[in-house]
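Everything on this sheet refers to the single structure shown next.
The values are calculated or read from the model by the stated rules, or taken from the named source; none is laboratory data. Only a predicted model underlies this, so the values are computations on that prediction, with no experimental measurement involved. When we count neighbours, we look across all protein chains shown, and the Cβ atoms used for this are built from the backbone with ideal geometry, even at glycine. Just so you know, the surface numbers come from the protein's heavy atoms only, side chains and all, with ligands and any DNA or RNA stripped out. Shrake-Rupley method; radii C 1.70, N 1.55, O 1.52, S 1.80 Å.
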Amino acid sequence: MAGPGWGPPRLDGFILTERLGSGTYATVYKAYAKKDTREVVAIKCVAKKSLNKASVENLLTEIEILKGIRHPHIVELKDFQWDSDNIYLIMEFCAGGDLSRFIHTRRILPEKVARVFMQQLASALQFLHERSISHLDLKPQNILLSSLEKPHLKLADFGFAQHMSPWDEKHVLRGSPLYMAPEMVCQRQYDARVDLWSVGVILYEALFGQPPFASRSFTELEEKIRSNRVIEDFFTHPWVDLEHMPSGESLARATALVVQAVKTDQDGDAAAALSLYCQALDFFVPALHYEVDAQRKEAIKAKVGQYVSRAEELKVIVSSSNQALLRQGTSAQDLLREMARDKPRLLAALEVASAATAKEEEAGGEQDALDLYQHGLGELLVLLAAEPPGRRRELLHTEVQNLMARAEYLKEQVKMKESRWAAETLDKEGLSESVRSSCTLQ
Ligand code: ADP
Ligand code: MG
């Protein structure tokens, strides 16, 4: 009998080839239509023998639901067939594999990519929920990619999907524990909203490489979900940025930093002063948000205006001395490159670093340059650790230090842009003209 492990089964009209994947009860093969078109499809085969009453029902629901819908981000069911051994779902072929593989071969996904994927997933889910369909098994393994060159998500595996109105309450456990909403894991009572929980878990996995409650057993998972251990990381996370939340302390912290900035500026250390001014501005913006008294608000705005102007002047000074350093660094870089001729990995990392420097010169290229620096430096640090003592090590060491300083400087630039943006946003709420005109930090 044909089935997993016995090579692909035979199906009239198609040539089944490689195995694309398998899940709980199905095996999916790539296949070609025998007709002239030679259309490529994916065929999900379910051995009848392996089906109990519940899984027959699941399969019928999957067919019934998929047959009735068409959406750019939901895998298309083209046809279904059966013979004495198997039931076959003939589906659109997704050449990019599944999202689980996609994430894990890249370790994590950049936020930009994750966001595009979230949009596509959201549009598919909105479409389903408008039709009162819940997927109930959302996880990266069940989300496919149309291709690797231009990946579009395709929601797949409707084996657990259900017709559910928003007020329906269900009790049957469905799906995969790691992606299950807590009410399903802990109370076994849930409604259509559980799909959205799974989306959150998927997003987390895309950004951090593993799901938030990664566990080896159901008991461990339940313990983690129920645990009331304080989630410290959340409070200190730079994205939440609790430190810069508008509060009664914002102004005092801003003032303390600005005092230091002025002093450092007087001492003639432009780069350090610039950095302090920027840190101070990071607190002034929330201080402005916090202040309710109109007069005091105006006074702060006027001060901010002055600091922004000074920061702008300092920026010109710092960037011209940076340019000079950059030119000085070039000859040492050339020498290092010459000495790295027999080390392709080192050469490649140095290439990344010089690409970063080139990006820096482009208008608006800061963030890209920063990404490149981080990537290049990661490699160079590993190589430096393995480099035996000698002239090349010395040069490499200096180069790594220079690059780190550049990256730090750039980080500041990016932050400065952000506070300028924040100040401009405030401006819409009434920031005075003087601040607006001096808030051009780049
Ligand atoms: P199960 O219900 O057994 O989990 P799935 O429908 O999730 O079956 O398919 C199992 C695996 O097969 C998926 O995780 C994916 O890797 C692969 N696969 C499924 N459908 C397709 C398709 N249309 N194109 C490419 N690969 C697919
Ligand atoms: Mg599956």
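Miscellaneous remarks
- With all protein chains modelled, accessible area of His71 [1.4 Å, Å²]: 30 Å²
- Cα gyration tensor shape for the range 116-168, rounded if a/c is under 1.5, else prolate or oblate: prolate
- The chain - percent of accessible surface contributed by carbon and sulfur, probe 1.4 Å: 55 percent
- Take the Cβ atoms of His375 and Leu242, set R0 to 22 Å, and the FRET efficiency comes out at 0.15.
- Area accessible to solvent at Lys415, 1.4 Å probe radius, in Å²: 90 Å²
- Dipole check for the chain: with +1 at the C-beta of Lys and Arg, -1 at the C-beta of Asp and Glu, and the Cα centre as origin, the magnitude is about 1120 Debye.
- Most mobile listed residue (Ala369, Ala273, Ala386) in the chain, GNM with C-alpha springs under 10 Å: Ala386
- Global size of the chain: 28.9, 88 Å for Rg and Dmax (C-alpha atoms, Rg to one decimal, Dmax whole).
- In the chain, Cα pairs under 8 Å separated by at least six residues give a relative contact order of 9 percent.
- Counted as membrane-span-like here are DSSP H helices of the chain whose alpha-carbon atoms extend 15 Å or more along the helix's own axis and whose Kyte-Doolittle mean is -1.0 or above; these are 53-67, 111-130, 194-208, 250-266, 270-290, 294-339, 344-361, 366-386.
- Here the simple spin-label model places points 7 Å from the Cα toward Cβ, and for Ala252 and Arg193 these points are separated by 3.9 nm.
- Given R0 = 25 Å, the distance between the Cβ atoms of Ala386 and Lys411 translates into a calculated FRET efficiency of 0.40.
- Share, in percent, of DSSP beta bridges within the chain that are antiparallel, nearest 5: 95 percent
- Measuring gaps between exposed loop sites in the chain (GluC sites (Glu not before Pro); DSSP loop; at most 11 other Cβ atoms within 10 Å), the longest gap, sites not included, is 170-361.
- Accessible area per residue in Å² at 1.4 Å probe, computed on the chain: 56 Å²
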